[in-house]
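Heads up, the thing below is written out as structure tokens.
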């Protein structure tokens, strides 16, 4: 299914295009993003991952961030899971909640989800505040759920959900 272009007051969110790729790789490698995201695999974000929907967040026509989502296909467990990053220049301006609110609206209104989940480091206070502004609630801490690409140590993650 081809994804539509989504719009909010200050953002355009569209499927990742080849012309976005290099800028997104640069943003993902910045210290502000790389602290929370693993290094990009070869070919990212244009590599084929059929179950993952990839979107570019544009601010004033320039790639400023990235959102991806995955959907559980089993109707008895149906939900979507989302991830987001914004480059350093887009952080601290309310664009993260605006982007997430826009994608959540699409997932609920157009794709019929009643529950959206995400996981983030328990130490990522800025992201947690951003998600809470959108309406995500803390579910609980998943102990030693993700291995840090920086240290190799298993770290805790906070599971959050948005439920309609």
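Key figures
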{"item": "Length gained when the stretch residue 8-residue 29 is fully extended (0.36 nm per residue, less Cα-Cα span)", "result": "4.9 nm"}
{"item": "Cβ-based exposure ranking for 102, 5, in which fewest neighbours within 10 Å come first", "result": "5, 102"}
{"item": "Ranked packing of 150-163, 29-42, most packed first, by mean Cβ within 10 Å", "result": "150-163, 29-42"}
{"item": "Whole-Å distance, taken between Cα centres, linking region 11-59 and region 92-109", "result": "17"}
{"item": "Range of Cα positions in the chain per principal axis (Å), largest first", "result": "39, 38, 32"}
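All of the numbers you see were taken from the coordinates with simple rules; none came from a lab. Since the model is a prediction, treat every value here as computed from it, not as a measurement. Glycine gets a Cβ as well: all are built from the backbone with ideal geometry, and neighbour counts include every protein chain shown.
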